[in-house]
Structure formats: C-alpha cells, structure tokens
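In what follows, a structure is listed as structure tokens, so that the remarks can point back to it.
The values are calculated or read from the model by the stated rules, or taken from the named source; none is laboratory data. All values reported here derive from a predicted model rather than from experimental measurement. When we count neighbours, we look across all protein chains shown, and the Cβ atoms used for this are built from the backbone with ideal geometry, even at glycine. Note: accessible area is taken over every heavy atom of the protein model, side chains too, but ligands, DNA and RNA are not part of it. Shrake-Rupley method; radii C 1.70, N 1.55, O 1.52, S 1.80 Å.
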Amino acid sequence: MSGPRIQAVIVDLDDTLFDHQESARRGLSRLVDELGGTLTPQVAAAWESMAEQLTTRLRAGDIGRAEYRRLRIRHLLTRIERPAGADAVDDARCDRLYARFLEAYEEEWVGFADAVPTLRALHDLGLPVAILTNGPEERQQRKVRALGLDPWVVGVWTSERLGVRKPDPATYLAVCTELGADPGTVLHVGDDLENDLRGALAAGLPALHLDRQRRVLAGSARIAGLDEVLGRV
C-alpha cells in the first residue's frame, strides 16, 4: 500500500477471523434436527434474513433482546414445524429453544483457515495486531480464546467496552490510541464495506475490504483472503 509505513493492524472478528455464518449454520442445523425438521438452504437464509430485520428494530429500540429472540424462534417454527400455530408458542419454549441454539452455535465455533497463520505472520513481522468488533464483550473474548487467536493479538476491543460502534470514527481512533500509533499508519481489515472499509477510511486509517465471496467489483482496497494482507504491509 502507498502512504506511510504500516506500524500496526486492526482486524475485525466476525466473518473476518471467525466464521460466524458457518458456525451459526451448524448450530441451527443441530437445533432444527432436534425439532424433527430439515435445514434447507431456504430455512437457513430465512433465519439470517430475519436476524437482520430484527437487529434493525432492536437497535432502534422497537423491541427488546428477549422479544428479538422469541420472534426469531417463532419465525423458524413457521418454516419447519407448525406454520399455522407458531404465534401460539409460549415465551418459555421460545426462550428454551433460543438458548439451545446459542449452546449449539458455541459448540460449533470455527475460524477461517487463514486466520491464525495470518495473525502469526503479522506477529512475526513485529506488527501489533488488535481486534475491533461490534459484538458483545464476553462472547467476543471467548471466541478469540476458543479459536486460539489470543497469542497473536495485543487485545480485543468491543463496541460494548468502548461504548460506541463501528463505523463511528471514535472506535478506530480509540484503538489507535491504545496502540500508540498514528491512524494513518494503522491498517484496518474486515469484511463489512461500511464498518470495515468506509468507516475506517473516514477516520483516517488505510483499510482493506475482505471480500471472500468476491461480491464487490475488484479494486485496490479489496482482498479475497486474509493472507493477502501480508503483501500490503
């Protein structure tokens, strides 16, 4: 990359180092199987689509966390179990089923194959690496430990800990301050166009968009795998 020499790297966690989509699919598959259903691509897509819709409502304050979870379960049940009567499922059963999903999801946590090798290589180059994630503190810290990422990073900063979420410039700048590095020398890498590319660039950091599925038109800021970061530092 052109510009000042890179002195540190900030990396996103979910769908960058941690394969959330695959982990969630495996956890959901176990739940659906226990309910006597079959996890089809359509059911899996509907589960994730509903999560996106409800997350918007949750952040807007229209629903609470418990309602978010119950609505996801009721929607799932319309797809696999009781199309005509999912709304009649009591809250207690919804809560138990969502808790079971979370349990299965966590048992299926998996990282991308290039995550540890890339972090290790950056570490060996003498570049401090920080993880910046919008996820909840306790769970994100456990993911990092479970995937064996912690030996290769100097710390994990979450939106819960910082009190602000990406793409707010304050998130990236707070981590740069912790790293003791000028934002212009800290490379940010992640899978989300808004949170990990545009937001970081707006805060003054050089950034790379990790596009594993090659969904976005090729550009100088796009990479298809984490190992490509090594050629940019």
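What percent does the relative contact order of region 125-211 come to when contacts are Cα pairs within less than 8 Å and at least six residues apart? Don't skip to the answer; put the middle values down first.
Details: 127 pairs, mean separation 21.0, N = 87.
It comes to 24 percent, rounded to a whole number.
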> If one computes the Cα centroid of region 135-157 and of region 186-212, what distance in Å separates the two points?
Replying inline: 20 Å
> So what is the relative contact order of the chain, in percent, for Cα pairs below 8 Å that sit 6 or more residues apart?
Replying inline: 25 percent
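Quick one: dipole size for the chain, taken about the Cα centre, charges +1 on Lys/Arg Cβ and -1 on Asp/Glu Cβ, in debye to the nearest 20.
On the way: 30 positive and 36 negative charges, 56 e Å.
Once rounded to the nearest 20, the dipole reads 260 debye.
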> Can you give the helix-only mean residue ellipticity at 222 nm for the chain, where every DSSP H stretch with n ≥ 4 adds -39500 (n - 2.57) and the sum goes over all residues, rounded to the nearest 500 deg cm²/dmol?
Replying inline: -14000 deg cm²/dmol
> How much of TYR98 can a 1.4 Å solvent probe reach, expressed as accessible area in Å² and rounded to 10?
Replying inline: 10 Å²
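Once the cut-off is 29 Å, how many percent of the Cα-Cα pairs in the chain end up in the long-distance tail? Don't skip to the answer; put the middle values down first.
Details: 8913 of 27028 pairs.
So the pairs more than 29 Å apart make up 33 percent of the total in the chain.
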>> Using a Gaussian network model on the chain with a 10 Å cutoff between Cα atoms, which of GLY219, GLY135, GLY111 fluctuates the most?
In response: GLY219
> Hey, in the GNM for the chain with a 10 angstrom Cα cutoff, which one of SER49, SER159, SER23 fluctuates hardest?
Replying inline: SER49
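Is there a quick way to get the dipole size of region 155-201? I mean about its Cα centre, with the Cβ of Lys and Arg at +1 and of Asp and Glu at -1; what is the value in debye to the nearest 20?
Its charge dipole is roughly 80 debye.
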>> List the residues, sorted by chain then number, that are 5 or more residues from LEU132 or on another chain and whose placed amide H is less than 5 Å from its amide H.
In response: VAL11, ASP12, LEU13, TRP157
> Once the Cα atoms of helix 137-146 and of the chain are each reduced to a long axis, what angle between those two axes, in degrees from 0 to 90 to the nearest 10, is obtained?
Replying inline: 80 degrees
> Which residue, ASP191, ASP182, ASP90, has the most motion in a Gaussian network model of the chain that connects Cα atoms within less than 10 Å?
Replying inline: ASP90
> Which value, in Å² and to the nearest 10, is the accessible area of ILE10 when all protein chains are kept and the probe is 1.4 Å?
Replying inline: 0 Å²
>> Give me the 1.4 Å probe accessible area per residue for the chain, excluding ligands and nucleic acids, in Å².
In response: 48 Å²
> From the phi of every residue in region 40-50, what ³J(HN,Hα) in whole Hz does the Karplus formula 6.51 cos²θ - 1.76 cosθ + 1.60 yield, where θ is phi - 60° and glycine or proline is x?
Replying inline: 8, x, 5, 5, 4, 5, 5, 4, 6, 4, 5
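Percent of accessible area on region 34-176 owned by carbon and sulfur, 1.4 Å probe?
Numbers: 3610 of 7060 Å².
That fraction is 51 percent.
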>> Sorted from largest to smallest, which semi-axis lengths in Å does the alpha carbon gyration tensor of region 159-233 give for its equivalent ellipsoid, taking the root of 5 times each eigenvalue?
In response: 22, 14, 10
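Calculate the dipole size of region 92-145 relative to its Cα centre from +1 charges on Lys and Arg beta carbons and -1 charges on Asp and Glu beta carbons; express the result in debye to the nearest 20. Kindly include the intermediate steps, with their values, before the conclusion.
Values: 8 positive and 9 negative charges, 26 e Å.
My answer is approximately 120 debye.
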